[in-house]
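Engineer: Have a look at this one before I ask anything.
The values are calculated or read from the model by the stated rules, or taken from the named source; none is laboratory data. Being a predicted model, the structure only gives us computed values, none of them experimental. Here Cβ is always computed from backbone atoms with ideal geometry, including for glycine, and neighbour counts include all displayed protein chains.
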């Protein structure tokens, strides 16, 4: 039978008297009654029942205090990661730095701020700036830095990230303001980046912020949109100029060794020609020295022989033949020169054989002196003034 059914003898679990349905008791009233009992038990100690109640209250307080101490001790454990260093503040004042690992601190006394000292952080700045030649450019640069001293990074300035951002913006505007537009947009980008780096180092050095600048990146620099097309053409022209210069340098590096080789070859050929001419001259001198005694012994014969040898050498290299008709009665004798030339072309040595040349000369002498006995008189009249030329 349920407690609230008729005939259930009014079995109310909340012990409401008179059978009135008043609901569960108020929690505030329960706690007030509990604390009132503890206070009464602590204040009374005259009788035995009061002493037992006092002991029970003291044990409860000790248990509560012990639990609080355990919670306080457990809450003091913390972990510092490998890439971090912990800055310990005791009542708001710097106390020490802690290394990575499991650490403990007294809660409500010490505060630990972990600082990442290995990761590379970045900070960017961008904006429209006025150059030295009064042109407007939009520049965007990015700085990469790392924390090297956690204590200085926290206590040197109020907000280190904001301070670095303002210092970067100031350095960029200073450098761009002291540069011309062409240098910022085209050829002077690397110089501008280096100058911004140096200027930023000079700005943050007095603050001793405990950071180290790792790198500075020149991300973008462009002119206003109204003149962007003209500057794109100018940049393309400068790139073509650089490309042409590189091609010319490559061509010069290719031609120079070849020219030096030709110079060396010409020098060697000139030296060889000099030696050859010198040796030929010395040989001619030796030959004339050998001919001198023969000439002194028989001048006319030696002179005529030298003349014939010279004419033979000259006529062997030409297609023109001179025929003397002074004593020939005005008749002209023609020679088969075309056949002789064909024979010269087909010859492997590209010259007439020695016996053919000698026969041609003998024929000329016989034609010039038909009345000489044995046709042995030398043809000294070949150089006659009325000589004719045949081809």
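Engineer: Go over the candidates 201, 144 one by one and state the one that is in contact with a strand residue (DSSP E or B) (Cβ under 7 Å, 6 or more places away or on another chain), outside the structural domain of residue 112 (by TED's automatic domain parsing) and touching a residue at least 60 places away in the same chain (Cβ under 8 Å). Walk me through it before giving the result.
Structural biologist: Numbers: 201 fails: touching a residue at least 60 places away in the same chain (Cβ under 8 Å).
After applying the criteria, what remains is 144.
Engineer: Can I ask one more? For residues that are surrounded by 16 or more Cβ atoms within 10 Å (Cβ to Cβ) and not in a helix (DSSP H, G or I), tally how many sit in the range 139-157.
Structural biologist: So the count comes out to 9.
Engineer: For the range 158-183, what are the residues that are over 30 Å from residue 233 (Cβ atoms) and buried (at least 20 other Cβ atoms within 10 Å of the Cβ)?
Structural biologist: Residues satisfying the conditions are 160, 164, 167, 168, 171.
Engineer: Follow-up question, since we're still on this one. Would you say residue 118 is under 43 Å from the mean Cα position of the chain (by Cα) and closer than 22 Å to residue 150 by Cα?
Structural biologist: It is true that residue 118 is under 43 Å from the mean Cα position of the chain (by Cα) and closer than 22 Å to residue 150 by Cα.
Engineer: Go through (1) free of Cβ contacts under 8 Å to residues at least 24 places away in the same chain; (2) closer than 30 Å to residue 148 by Cα; (3) surrounded by 11 or more Cβ atoms within 10 Å (Cβ to Cβ); (4) out of contact with any helix residue (DSSP H, G or I) (no Cβ under 7 Å at 6 or more places or on another chain) and name the single condition residue 292 misses.
Structural biologist: Failing condition for residue 292: (2).
Engineer: Let me ask you something else. Checking the conditions here, which among 169, 182 is at pLDDT below 90 and not in a loop (DSSP other than H, G, I, E, B)?
Structural biologist: Details: 169 fails: at pLDDT below 90.
It is 182.
Engineer: May I ask you to list the residues in the range 308-321 that are free of Cβ contacts under 8 Å to residues at least 60 places away in the same chain and assigned to a helix (DSSP H, G or I)? Don't jump to the end; show me each part of the working.
Structural biologist: From the range 308-321, those free of Cβ contacts under 8 Å to residues at least 60 places away in the same chain are 309-310, 312-318; that's our starting set.
Listed by number, the residues that qualify are 309, 310, 312, 313, 314, 315.
Engineer: A follow-up question, please. Suppose we filter 36, 60, 19 for residues that are farther than 30 Å from residue 146 by Cα and either modelled with pLDDT under 50 or in the same structural domain as residue 153 (by TED's automatic domain parsing) (or both); which single one remains? If you could, list the steps in order and put the result at the bottom.
Structural biologist: Details: 36 fails: either modelled with pLDDT under 50 or in the same structural domain as residue 153 (by TED's automatic domain parsing) (or both); 60 fails: either modelled with pLDDT under 50 or in the same structural domain as residue 153 (by TED's automatic domain parsing) (or both).
None of the other options fit; the residue is 19.
Engineer: Continuing with the same structure: Search the range 90-118 for residues that are in contact (Cβ under 8 Å) with a residue 40 or more places away in the chain and pair each with any residue that is surrounded by 11 or more Cβ atoms within 10 Å (Cβ to Cβ) and in a strand (DSSP E or B) when their beta-carbon atoms are under 6 Å apart and the residues are at least 6 apart or on different chains.
Structural biologist: From the range 90-118, the pairs are 97/85; 113/87.
Engineer: Answer yes if at least one residue in the range 204-211 is touching a residue at least 24 places away in the same chain (Cβ under 8 Å), under 15 Å from residue 141 (Cβ atoms) and in a loop (DSSP other than H, G, I, E, B), and no otherwise.
Structural biologist: no
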